[in-house]
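The values are calculated or read from the model by the stated rules, or taken from the named source; none is laboratory data. Values in this document were obtained by computation on a predicted structure and should not be read as measured data. Methodologically, a virtual Cβ is constructed for each residue, glycine included, from the backbone with ideal geometry; neighbour enumeration extends over all protein chains shown.
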Amino acid sequence: MLIHSAKFLISNTDINMCPKPDRPEYAFIGRSNVGKSSLINMLTDHSKLAKVSGTPGKTVTINHFGINIDPDKKMKGWYLADLPGYGFAKRSKKQRAEFERFINKYLLKRENLQTVMLLIDSRISPQKLDLEFANFLGANQIPFTLIYTKVDKNKGVETRKNIEAFEAAMLESWETLPKSFRSSSKNKEGRKEILAYIGEINSNFVLDLS
Ligand code: GDP
């Protein structure tokens, strides 16, 4: 899929304020610093669409971007939802509870959500928080796709070992693994494959607002 346009639409804290659910939507989420902003910028070919964090923000907002939405060219396009990073140590207990309530509501209620893109840092061994989040999605039948980030960083063998360990940990709870991709924002590995996957899902999207 070619990216013709990518535009910031709205940032909000209220799921009722999200754009009308009339296009397929993909929500990107992962622990703070997993490389989410870099991946979004890499996929959309916009170096500054999502803010690459120096200091992770505490604010809990959902940012919506419109990709390839161009009525003049009869392009319906799709939504990219940038969800806040989880596992941010400096959040207070109250902020963490608020985060969970907000994100869970979005994930459980957003009717045009096609799949959650769950980002996993391939540089490190399996993290409890990531496995818990994957298990939450599975238990609630929220479709998700795994994207292993920063695969350029370690030696190939270490990256493979971390990915295999994560998948082995997932298989302790689930019989099958979700679809997964390897990505690097540095060398654009995975870009073509992830966009092709989104394009394929988009082509099967049927609007049902009943
Ligand atoms: P976010 O907090 O999940 O949005 O993560 P960012 O995109 O801000 O990235 C966090 C840090 O990881 C930054 O210093 C990035 O430069 C670095 N980073 C992100 N993606 C990659 C990648 O694919 N390869 C490498 N080597 N570093 C990356």
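Would you please name the residue that is nearest to residue 182 (Cα to Cα), looking only at residues in the range 93-135 that are out of contact with any helix residue (DSSP H, G or I) (no Cβ under 9 Å at 6 or more places or on another chain) and among the polar types (S, T, N, Q)?
Just the residues of the range 93-135 that are out of contact with any helix residue (DSSP H, G or I) (no Cβ under 9 Å at 6 or more places or on another chain), to begin with: 93-101, 103, 108, 111-112, 128-129, 132-133.
Right, trim to among the polar types (S, T, N, Q) and you get 95, 112.
Working: 95: 31, 112: 25 Å.
Per the stated criteria, the residue is 112.
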Going by the conditions given, is residue 48 more than 26 Å from residue 174 (Cβ to Cβ), free of Cβ contacts under 8 Å to residues at least 24 places away in the same chain and not small (Gly, Ala, Ser)? yes
Would you be able to say whether some residue in the range 110-132 is basic (Lys, Arg), on the phi > 0 side of the Ramachandran plot and at pLDDT 95 or above? no
Helices (runs of 4 or more DSSP H) contained entirely in the range 62-179, each with at least 3 residues that are surrounded by 12 or more Cβ atoms within 10 Å (Cβ to Cβ), of a type in the set (S, T, N, Q) and touching a His at 6+ places or on another chain (Cβ under 6 Å): none
Count of residues meeting criterion [surrounded by fewer than 17 Cβ atoms within 10 Å (Cβ to Cβ) and assigned to a helix (DSSP H, G or I)] in the range 180-194: 2
Quick check: is even one residue across the range 150-165 within 11 Å of the ligand (Cβ to nearest atom), out of contact with any Asp or Glu (no Cβ under 7 Å at 6 or more places or on another chain), at pLDDT 95 or above and closer than 28 Å to residue 60 by Cα? no
The conditions are (1) exposed (fewer than 13 other Cβ atoms within 10 Å of the Cβ); (2) within 19 Å of residue 143 (Cβ to Cβ); (3) in contact (Cβ under 8 Å) with a residue 24 or more places away in the chain, and residue 202 fails exactly one of them. Which is it? (1)
Quick one: would you say residue 188 is out of contact with any strand residue (DSSP E or B) (no Cβ under 8 Å at 6 or more places or on another chain), under 26 Å from residue 79 (Cβ atoms), within 16 Å of the ligand (Cβ to nearest atom) and touching a residue at least 40 places away in the same chain (Cβ under 8 Å)? yes
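Count, please, the residues in the range 102-126 that happen to be of a type outside the set (A, V, I, L, M), in contact with a strand residue (DSSP E or B) (Cβ under 7 Å, 6 or more places away or on another chain) and away from the ligand (no atom under 16 Å from the Cβ). If you could, list the steps in order and put the result at the bottom.
Of the residues in the range 102-126, the ones of a type outside the set (A, V, I, L, M) are 102, 104-106, 109-112, 114-115, 121-123, 125-126.
Those left that are additionally in contact with a strand residue (DSSP E or B) (Cβ under 7 Å, 6 or more places away or on another chain): 106, 110, 112, 114-115, 121-122.
Adding the requirement that they be away from the ligand (no atom under 16 Å from the Cβ) leaves 106, 110, 112, 114-115.
Here the count works out to 5.
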Test: residue in the range 93-101 that is at pLDDT below 85 and within 16 Å of the ligand (Cβ to nearest atom): yes
Can you say whether residue 173 is under 18 Å from the mean Cα position of the chain (by Cα) and not hydrophobic (A, V, I, L, M, F, W, C), as far as the supplied structure shows? no
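Within 17 Å of residue 87 (Cβ to Cβ), of a type outside the set (S, T, N, Q), at pLDDT 85 or above and part of a helix (DSSP H, G or I) - does that describe any residue in the range 19-36? Don't jump to the end; show me each part of the working.
Narrowing the range 19-36 to residues within 17 Å of residue 87 (Cβ to Cβ): 27-36.
From the residues that got through so far, the ones that are of a type outside the set (S, T, N, Q) too are 27-31, 34-36.
Then keep just the ones that are at pLDDT 85 or above; that gives 27-31, 34-36.
Narrowing the set further to residues that are part of a helix (DSSP H, G or I) leaves 36.
Yes.
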